[in-house]
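This report concerns only the one structure given below.
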Amino acid sequence: MDVNSVANRGVLLAGMPDELLFESGWFESFSDLVMQFLRTQNKDGAGGITSDRQLFKELRSNPEAVTPEKFKALSLKYAPELQNTWSDFEMPDEKDGLGAWLLLEIVLNIFLSKQPKLQFEKLNEFLAEEKQAVAVYLQQKDSRSVLPYIEKWIGGNWGGSTEFETRKILVWLAFFEKFLRVTTEGFDERFPEPGMMKTFLPVAENNELIWSNERYVSAIKQKWVGTEGSWVSFYEKITEARDSVYSSEGKDPKAAVEKAVKRIRAGKTRLNRANYASSFRVLDTEFRQVPMQPVELIPLFCEVMTKKQMAMLKDSCTPADIEKVFAVYPRIYEQFTD
């Protein structure tokens, strides 16, 4: 069993890596995901963690051969800076019950190895219950056997598979927000209200839906040109930032920026890692000098939510109904609060 297939198994975490990380366009493959993550954990040596390392070659060429045990061994062999990370982590004996919870557990352990005082109690509680739910389901092969666990974390009375799948995305988002609050310095001071990710939920106005991507880009605009700043001034600011980093392409770089950002706002162009970097990350000189940081994954979630919203609209859901389905997020996030 390869690492990638293990990572996609679960109950509430089922399919998380594929839908959240790969189909969103943020990571090309599991190899790319591991490489980018190792870079964030080794800022001084990030330049030396490149795709030609043997670990990443094997993950690309023969992922089925990279078992969880081999993944651990290879990561230590070709990224020895992770020795302290793995020192307190033991691979579970029961392989049948492995799932996406293991991937997140590894992430938490990596952060704890560097900051032992981090408080991950609620996140660990969720992962422990997800792990138990996977084991129960594999034993009984009956979704009703894990219903109490599901209802605890996402609530009950969902109106079909679409609403259930949406709530799964929202519980991933809640886990991520709690993770940011625990690991990101100054996050609570900047966003004191719990469930702040609701800022990026879709809103119905005049029988039209404002996508999550539109709400994200609007928040970025407000940060860089203020509440009174125009979209034109925002496009100009991005153009100036891009000119300082990239060589200008075409006769009218400002028009190119405006077209690209408008398409992202409208959901016509994906808010993937490349488009985020060229249109929004480029504005922040601090971000440009370091590997990608966890807080920069907020637009990843916006892209996944926008994709779900567009599919719902195509299936004849009304904007008001879509807003209502996503509006349960604050209640889901409450389960991760102390």
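The values are calculated or read from the model by the stated rules, or taken from the named source; none is laboratory data. It should be emphasised that the depicted structure is a prediction, and the values quoted were computed from it without experimental measurement. Every residue, glycine as well, gets a Cβ built from its backbone with ideal geometry; the counts of neighbours run over all protein chains shown. Side chains are part of the model used for accessible areas, which takes the heavy atoms of the whole protein and leaves out ligands, DNA and RNA. Shrake-Rupley method; radii C 1.70, N 1.55, O 1.52, S 1.80 Å.
Quick check: from the Cα gyration tensor, does region 139-208 come out rounded (a/c under 1.5), prolate or oblate?
Values: a/c = 3.41, a/b = 1.38, b/c = 2.47.
Oblate.
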(message) Just the number please: accessible area per residue for the chain, 1.4 Å probe, all protein chains included, in Å².
(response) 50 Å²
(message) Please compute the modelled spin-label separation between Met310 and Ala135, points set 7 Å along Cα→Cβ, answer in nm with one decimal.
(response) 4.1 nm
(request) State which entries of Lys268/Lys307; Lys131/Lys307; Lys70/Lys168 exceed 18 angstrom in Cα-Cα distance in the structure shown. (result) Lys131/Lys307; Lys70/Lys168
(message) Checking the cross-link filter: which aspartates and glutamates have an alpha carbon closer than 17 Å to that of Lys114, excluding same-chain neighbours under 8 positions apart?
(response) Asp44, Glu81, Asp88, Glu105, Glu185
(request) Tell me the label-point distance for the pair Ala73, Asp338, using the 7 Å Cα-to-Cβ offset, in nm and rounded to one decimal. (result) 4.1 nm
(request) Pull up all non-local amide H partners of Asp284: gap of 5 or more, or a different chain, and H-to-H distance under 5 Å with H placed in the peptide plane. (result) none
(request) Divide by every residue of the chain the summed helix terms, -39500 (n - 2.57) for each DSSP H run of at least 4, and state the resulting mean residue ellipticity at 222 nm, rounded to the nearest 500 deg cm²/dmol. (result) -17500 deg cm²/dmol
(message) How large is log10 of I(q)/I(0) for the chain at q = 0.11 Å⁻¹ when the intensity is taken from the Debye formula with one equal scatterer per alpha-carbon?
(response) -0.79
(request) Return the carbon/sulfur percentage of the accessible area of the chain, one whole number, probe 1.4 Å, all protein chains in place. (result) 49 percent
(message) Take the residue pairs Lys122/Lys178; Lys117/Lys152; Lys237/Lys262; Lys221/Lys262; Lys178/Lys198 and return only those whose Cα atoms are more than 18 Å apart.
(response) Lys117/Lys152
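Over the chain, what relative contact order in percent results from Cα pairs under 8 Å that are six or more residues apart?
Working: 361 pairs, mean separation 76.1, N = 338.
Once divided by the residue count of the chain, the mean separation gives 23 percent.
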(request) Let me have the relative contact order for region 98-159, percent, based on Cα pairs under 8 Å that are six or more residues apart. (result) 31 percent
(message) Show me the ranking of peptides 7-19, 186-198 by mean Cβ neighbours inside 10 Å, starting with the highest.
(response) 7-19, 186-198
